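Visitor: Quick one: structure below, then a few questions.
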Amino acid sequence: MEKKADIGLIGLAVMGQNLVLNMNDRGYAVAVHNRTTGRITEFLEGPAKGREIYGADTPAELVAQLKKPRRVMLMVKAGPVVDSYIDTLVPLLDPGDIVIDGGNSHYPDSERRTSALRERGIHYIGTGVSGGEEGARTGPSIMPGGEVKAWPSVKPIFQSIAARAPDGAPCCDWVGDGGAGHYVKMIHNAIEYGDMQLITEAYQIMKDLLGMNHEEMAERFAGWNAGRLESYLIEITANILRVNDQDGSPLVEKILDTAGQKGTGKWTVVDAAQLGIPVTLIAEAVFARALSARKDERIRASEVLQGPDGQTAAGSLPSPEERERILTDLEAAVYAAKITSYAQGFMLIREAAREYGWTIDYGAVAGMWRGGCIIRSAFLSDITAAYKENPDLENLLQAPVFSRVMVEAVPAWRRSVVQAVESGIPAPAMSSSLSFFEAYRSARLPANLLQAQRDYFGAHTYERVDKPRGEYFHTNWTGSGGSVTSGTYDA
């Protein structure tokens, strides 16, 4: 069969179909395969009809239709399914051909696959794709990593189908070796968890503390979206709050309050714990979803555990003037907490790059998130600029553009957290991010007492402020413990 397709794609769910149509819009002929072959027929006779999109009943037929170097993109469920398709494809491919995994694979799998395929002379790219159904069709954010030798062969396709940032740059660039692409996508999703949790906390404060109706809340979020909080998630929140059910009541209130998750947030928290990076806001966002899922248990607990139900301590709604002050504080608190979330995410990327030997351009990562993806927001341009000004920036909170904002926002941030606490409204992301900020700005923390406790019960030793770092001491606190220590190490 004549080789006629520029790229092949396996997996015709919504994301896969829309990426194929996007590629074809940009002039690329695409061969497609799906495990359930009936979906191939439906696609070719439906959205793909009349286009340079060719069906293949088997992976072998798909490979036979591709120009060299062959490029095969997998848009299938992460995990064993990806490995199964790779095992099927490898005997069909030649050295220099490229396998692209565009699903939400865990980065250690991408590390393993990069090395394994390199030994066979085949290039592997593990690429994060963000933007959902709409982004896949009109322009997603694409975060490729893996075998850098393959990048020139896929760069024209990826950058042509990617979203464009406000300055016209494609929201796609090479991230790094091995699992770097999927790692950055994992962090993107984790920041997404944090953003969504902050928005839901603001929503509950507006609804339960301030007694705002859904149109009022929608107007407020729309107003925020016209300012420094401009972002896709704020925008869709305003839209969601305006949608009514068939009976005319707000649809959002008919939705069961149990949040799902697919695993990237959990992976982030686990990796952060292993690397010793305090992604506290992200962790709280993950655990908030886990707690929401315990719906039946929460119902039973609500019958025996009493407390404020959202109204002020006085038991009445605030005056219009007070409500406006609370909302002004809330906007500042959400913005400051959002900055903290991104700072924590980049802390983790930075440490992972050091641990796993990746070279990552952090400004380029922020640049890739400026369009197409779920966390796209106006202030990502500030992050890009901060890293461009100082590529070795230790932490985003130290960048002048953010440090000034954070200091200015702290009083309002504190008032918002206090307001939520006094009113019995859970605000785990907002409050944990404030605690992180307070600790991060502290030159001295009470960990000296903690380390004394560790030395007391376990002879774990300690360093002294009046001695050089790296010298360790032990005190026989009880007089009967002796001088033997357990050694010093961090697990």
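Every read-out reported here was derived from the displayed coordinates using simple, explicitly stated rules and does not represent laboratory data. Since the structure is predicted, the reported quantities are computational estimates derived from the model, not experimental observations. Cβ atoms come from the backbone with ideal geometry, glycine included; neighbour counts cover every protein chain shown.
Visitor: Distance check, please: which entries in 68/155; 77/155; 49/155; 207/262; 185/266; 149/266 exceed 20 angstrom between their Cα atoms?
Guide: The pairs that break the limit, which is 20 Å between Cα atoms, are 77/155; 49/155; 207/262; 149/266.
Visitor: Also: What number, rounded to the nearest 500 deg cm²/dmol, is the helix-based mean residue ellipticity at 222 nm of the chain, given -39500 (n - 2.57) per DSSP H run of at least four residues and division by all its residues?
Guide: Computed ellipticity for the chain at 222 nm equals -16000 deg cm²/dmol.
Visitor: Over the Cα atoms of the stretch 1-67, what is the Rg over Rh ratio if Rh follows Kirkwood?
Guide: Rg divided by Rh gives 0.91.
Visitor: For the chain, what relative contact order do you get, as a whole percent, if you take Cα pairs closer than 8 Å and at least 6 residues apart?
Guide: Relative contact order, the chain: 13 percent.
Visitor: Rg and Dmax of the stretch 203-320, using alpha carbons, in Å: what are they?
Guide: So, for the stretch 203-320, Rg and Dmax equal 17.4, 51 Å respectively.
Visitor: Let me know the volume per residue of the alpha-carbon convex hull for the stretch 369-491, in Å³.
Guide: So the per-residue Cα hull volume is 208 Å³.
Visitor: What would the Debye equation give as log₁₀ I(q)/I(0) for the stretch 186-440 at q = 0.17 Å⁻¹, counting only Cα atoms as equal point scatterers?
Guide: -1.43
Visitor: In square nanometres and to one decimal, what's the mean projected area of the convex hull around the Cα atoms of the stretch 83-146?
Guide: So the mean shadow area of the Cα hull is 4.6 nm².
Visitor: Oh, and also: Tell me, how many Å apart are the Cα centres for the stretch 73-87 and for the stretch 183-199?
Guide: 24
Visitor: Over all directions, the average projected area of the alpha-carbon convex hull for the stretch 1-159 comes to how many nm²?
Guide: Average projection, Cα convex hull of the stretch 1-159: 8.1 nm².
Visitor: Sequence-distant or interchain residues sharing an amide H contact under 5 Å with residue 55, placed H: which?
Guide: Under 5 Å from the amide H of residue 55 lie the amide H atoms of 32, each far enough along the sequence or on another chain.
Visitor: Can you list, bin by bin at 10 Å, the percent of alpha carbon pairs in the stretch 266-312, starting at 0?
Guide: Going from the shortest bin to the longest, the percentages are 23, 33, 27, 17, 0.
Visitor: Nearest 5 is fine: what % of DSSP beta bridges in the chain come out antiparallel, could you say?
Guide: Of all bridge pairs located within the chain, approximately 30 percent are antiparallel.
Visitor: Order the peptides 436-449, 92-105, 38-51 from the highest to the lowest mean number of other Cβ atoms within 10 Å of their residues.
Guide: For the peptides 436-449, 92-105, 38-51, the packing ranking is 92-105, 38-51, 436-449.
Visitor: Here's something else I'd like to know. Which translational diffusion coefficient, to the nearest whole µm²/s, is obtained for the chain from the Stokes-Einstein equation, given a Kirkwood hydrodynamic radius over C-alpha pairs, 4 °C and 1.567 mPa s?
Guide: Value of D from the Cα-based Kirkwood radius: 52 µm²/s.
Visitor: Sorted by average packing, counted as other Cβ atoms within 10 angstrom per residue and highest first, what order do 462-470, 149-157, 321-329 take?
Guide: Averaged packing, sorted descending, gives the order 149-157, 321-329, 462-470.
Visitor: Taking one equal scatterer on every alpha-carbon of the stretch 83-205, how large is log10 of I(q)/I(0) by Debye at q = 0.09, 0.20 1/Å?
Guide: Listed by q, the Debye log ratios stand at -0.29, -1.09.
Visitor: In µm²/s, what is D for the stretch 134-247 at 25 °C and 0.890 mPa s, where D = kT/(6 pi eta Rh) by Stokes-Einstein and Rh is the Kirkwood radius from Cα pairs?
Guide: 148
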